[in-house]
Protein chains: 2
Amino acid sequence: MAAFTKQEYKERVSNTKKKMNEWGVDLLLISQPANMNYLTGYDGWSFYVHQCVLVSLDQEEPVWIGRGMDANGARITTFLPDENIHEYADDYVQSLVKHPMHFIADIIKKNGWDKKRIGVEMDQFYFTHRNYVELEKKLPDAAFVDANTLVNWVRIVKSEAEIEYLKAAGKIAVKVMDAAIANINVGARECDAAAAIAHAQYTGTEEFAGDYPAIVPLMMAGEATKTPHLTWSGKRYEKDEAVLLELSGVYKHYHAPIARTLFLGQNPPKLMQDTARVVIDGLAETLDFIKPGVSAEEIEAEWRRAISHSTVVKESRLGYSIGVNYPPDWGEQTVSFRPGDKTVMQPNMTIHLIPGIWYDDVGFEIDATIRLTETGYESIYEYPTEIFLK
Amino acid sequence: MAAFTKQEYKERVSNTKKKMNEWGVDLLLISQPANMNYLTGYDGWSFYVHQCVLVSLDQEEPVWIGRGMDANGARITTFLPDENIHEYADDYVQSLVKHPMHFIADIIKKNGWDKKRIGVEMDQFYFTHRNYVELEKKLPDAAFVDANTLVNWVRIVKSEAEIEYLKAAGKIAVKVMDAAIANINVGARECDAAAAIAHAQYTGTEEFAGDYPAIVPLMMAGEATKTPHLTWSGKRYEKDEAVLLELSGVYKHYHAPIARTLFLGQNPPKLMQDTARVVIDGLAETLDFIKPGVSAEEIEAEWRRAISHSTVVKESRLGYSIGVNYPPDWGEQTVSFRPGDKTVMQPNMTIHLIPGIWYDDVGFEIDATIRLTETGYESIYEYPTEIFLK
């Protein structure tokens with residue numbers, strides 16, 4: 001059973017077709033798993049082989065094409081009628097002589113779409129260079145258009161049903177961070193803390209079953225706090241070590257990221273305390289500024305203004321749009337809060353602001369996951385904003 | 001600290017250069033995370049942005065190029081000297097005007113590699129079509145060669161140190177399946193069983209810290225047993241339901257997959273029992289046949305011979321090579337056990353045979369994770385081969 005009503009999928013497809021018209025695309029070939037899910041409900045860990053969803057301006061409902069063994073998965077998880085589900089034989093998988101794009105090209109031909117303007121996701125993982133080469137070879141009369149992030153931009157404003165899923169994810173996020181703080185102690189192994197975190201992520205709450213995150217727990221301790229994307233080992237936590245945590249609660253693939261910083265002692269270094277103060281206050285001031293009508297770059301400028309009295313430097317983007325996602329990224333790849341991004345905030349956009357600092361001698365992370373309301377913003381979850389001392 | 005000795009990485013790089021010579025590649029550009037890890041030790045969840053490792057025939061050690069915030073991660077996890085680590089500025093990330101491949105092309109030029117034969121992984125996720133387009137634009141004098149799976153083929157025969165990691169993963173795999181069987185009960189939620197499984201995967205054993213798998217727990221119950229790649233929900237297990245489990249133990253990204261089938265009752269359907277008997281016996285006969293010198297397609301033919309007395313049909317490949325990996329796939333994308341694959345078995349190849357059956361009315365999964373010895377094979381773990389009744 002798909003995660004949303006058929007009506008909701010139909011609206012998404014309709015909004016996608018509007019954007020296809022704007023972008024000059026007749027037929028859209030979607031490989032990115034979150035976009036496939038968004039348009040059809042499809043939900044399976046089959047994205048390690050080639051598969052796609054086709055959306056054509058001249059056909060009401062999308063088409064799913066994938067590996068034979070996954071077609072029953074599409075029948076179970078999508079809203080699509082059986083005739084819109086096509087399966088390729090197993091000898092197409094990782095073959096040197098056949099390629100799944102040949103099968104997909106044949107379906108495009110059978111539907112008379114081979115002379116159309118075909119949009120493909122040129123810079124999305126899951127659409128390889130060879131996908132493009134094989135499609136082009138088999139469809140010499142087609143004109144290929146870069147439709148990278150076309151569906152991602154449709155996804156940027158959430159429905160009320162999506163907001164409910166994000167709030168469920170937010171409830172899980174609180175439990176996930178609670179589990180992290182409870183289980184990270186001097187002498188404990190990093191892997192055992194990671195296990196407690198994953199347990200909280202998958203279990204969820206009594207009401208809402210947890211799901212797997214698009215990014216596993218990022219948890220840097222000691223020397224590793226100078227970088228943001230390491231995971232865990234069998235190392236034991238040491239006294240007076242800082243621990244950076246970037247985690248997420250997830251419900252039906254909707255993400256509520258949550259990032260906090262622990263210190264395994266009572267006296268964090270002064271530089272860490274000073275940095276934390278600047279970042280926590282700067283984030284609060286930035287949040288106060290957020291409302292519909294302001295742009296992403298204005299929000300980022302407000303953040304820089306708010307910390308300009310300090311020596312804190314944040315070179316990377318302040319945040320990005322979030323929602324439904326699959327590995328390897330929970331970011332939506334649309335708006336980025338940084339200079340030059342003129343995206344204007346609208347109600348029901350959902351964003352993750354993470355002013356993380358990774359200096360060579362100190363690291364600090366905190367975040368906010370919010371949705372835009374009619375007049376300002378609402379937090380997806382509430383969690384204390386401080387350095388947690390243990 | 002890298003997971004293996006510097007000497008071991010140097011041998012891997014040396015073996016890679018031999019294969020580059022065979023394939024006609026002067027400079028190799030590697031984006032696949034497992035290949036980056038294999039060549040340098042690099043280990044971080046940063047593969048959601050573009051990054052790469054370069055191997056040049058005229059330079060001893062590889063070069064790592066990635067996002068600024070991840071460079072310290074490369075300094076911590078690789079064996080590379082600091083001058084071989086290059087970082088691009090954050091405004092290259094998901095930008096419409098700049099692309100990380102421009103930065104990478106500049107480094108290629110600075111090193112005088114821009115007139116060389118450059119090998120890229122044309123059909124690997126993490127090397128998008130746009131990566132290719134931008135590289136080609138910036139390096140008009142280069143000749144591009146498809147080096148897809150070049151490093152994967154170097155990885156196919158494991159070192160003794162890698163075998164030790166796989167055996168550690170095997171110890172974890174046993175605990176993971178134990179946790180699954182203990183926690184899947186009539187009335188329990190699927191998500192709570194998934195949480196127990198993830199906990200076992202991440203915790204590992206007292207001696208060996210667990211790691212995250214390249215594929216999350218695949219666990220199909222009831223109707224979902226007709227397809228192999230679904231995950232879990234908040235649904236409660238029901239009496240007389242079958243449950244298919246494809247899981248893995250993981251140690252430092254080395255995978256020991258383990259698949260078994262449960263039945264939540266004492267009387268599985270006759271078709272399931274019959275299918276299980278045929279598959280279990282067929283797998284045992286196939287394993288007896290495996291030794292260095294036989295080919296992948298001969299092994300698969302032996303499997304088909306062993307089940308030919310029955311009505312069981314297995315349309316998909318019987319298995320594949322395994323080792324170090326990252327999401328989305330723990331398969332090595334080299335040998336596939338199916339007709340036409342003439343790869344000859346050698347000692348210290350490690351393989352996953354999974355004769356899974358997903359009919360519309362019954363599913364059954366069992367597997368074997370083995371390494372080739374000088375004279376036959378050795379199991380990476382021991383686990384009962386039966387339908388588990390609960």
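Annotations for the structure displayed:
- Of the chymotrypsin sites (Phe, Trp or Tyr not before Pro) found in region A:327-382, those that fall in a DSSP loop while having at most 15 other beta-carbon atoms within 10 Å are A:Tyr359.
- Across the copies of the chain, A:Lys10 has label points (7 Å from Cα along Cα→Cβ) spaced 6.8 nm apart, shortest distance listed first.
- Take each residue in B:133-142, count the other chain C-beta atoms within 10 Å of its C-beta, and the mean is 1.
- Shielding value for B:44-56 is 4, the average number of Cβ atoms from other chains within 10 Å of each residue's Cβ.
- With both residues required to sit in chain B, DSSP beta bridges show an antiparallel share near 75%.
- In the context of the full set of protein chains, residues of the protein assembly as shown present 34 Å² of accessible surface per residue (probe radius 1.4 Å, heavy atoms only).
- Descending by average beta-carbon neighbour count within 10 Å, the peptides B:265-276, A:200-211 line up as A:200-211, B:265-276, the highest first.
- Measuring how big the protein assembly as shown is from its alpha-carbon positions, Rg and Dmax come out at 25.1, 80 Å.
- Counting protein heavy atoms only, region B:1-61 has 47 percent of its accessible area on carbon and sulfur, 1.4 angstrom probe.
- Among A:63-76, B:225-238, B:97-110, the order from most to least packed when residues are scored by Cβ within 10 Å on average: A:63-76, B:225-238, B:97-110
- Rounded FRET efficiency, nearest 0.05, which uses the C-beta distance separating B:Leu389 from B:Arg304 and R0 of 25 Å: 0.30
- Coordinate range along principal axes, alpha carbons of region B:304-354, Å, largest first: 38, 25, 17
- Between A:Val186 and B:Leu271, the FRET efficiency from the beta-carbon distance, with R0 = 56 Å, is close to 0.50.
- Above-threshold pairs, the threshold being 23 Å between Cα atoms, out of B:Lys167/B:Lys235; B:Lys171/B:Lys252; A:Lys226/A:Lys270; A:Lys171/B:Lys235: B:Lys167/B:Lys235
- Counts of other chain beta carbons within 10 angstrom of each beta carbon in peptide A:117-124 average 3.
- The HN-Hα couplings worked out from phi for region B:370-384 by the Karplus form 6.51 cos²θ - 1.76 cosθ + 1.60 (θ = phi - 60°) are 9, 10, 6, 9, 5, 10, x, 9, 10, 6, 6, 8, 10, 8, x Hz, whole numbers, x standing for Gly and Pro.
- Shown for chain B are the DSSP H helices of 18 Å or more along their axis, judged by Cα atoms, with a mean Kyte-Doolittle hydropathy of at least -1.0: B:160-183, B:190-203, B:270-289.
- Accessible area buried, both sides summed, chains A and B with 1.4 Å probe, Å²: 6400
- Difference of contour (0.36 nm per residue) and Cα-Cα distance, A:Asp281 to A:Ser159: 40.8 nm
- Stretchable slack from A:Lys239 to A:Gln346, in nm (0.36 nm times residue separation minus alpha-carbon distance): 34.0 nm
- Carbon/sulfur fraction of accessible area - region B:336-390, other protein chains in place, 1.4 Å, %: 50
- Reduced Cα scattering model of chain A, Debye log10 I(q)/I(0), q = 0.07, 0.13 Å⁻¹: -0.35, -1.07
- Non-local Lys pairs in region A:1-100, i.e. 8 or more apart or on different chains, that have alpha carbons under 30 Å apart: 5
The values are calculated or read from the model by the stated rules, or taken from the named source; none is laboratory data. Please read these numbers as outputs of a predicted model, since none were measured by experiment. Neighbour counts run over all protein chains shown; Cβ positions are idealised from the backbone, glycine included. Ligands, DNA and RNA are stripped out before the accessible areas are found, and what is left, the full protein with its side chains, is counted by its heavy atoms. Shrake-Rupley method; radii C 1.70, N 1.55, O 1.52, S 1.80 Å.
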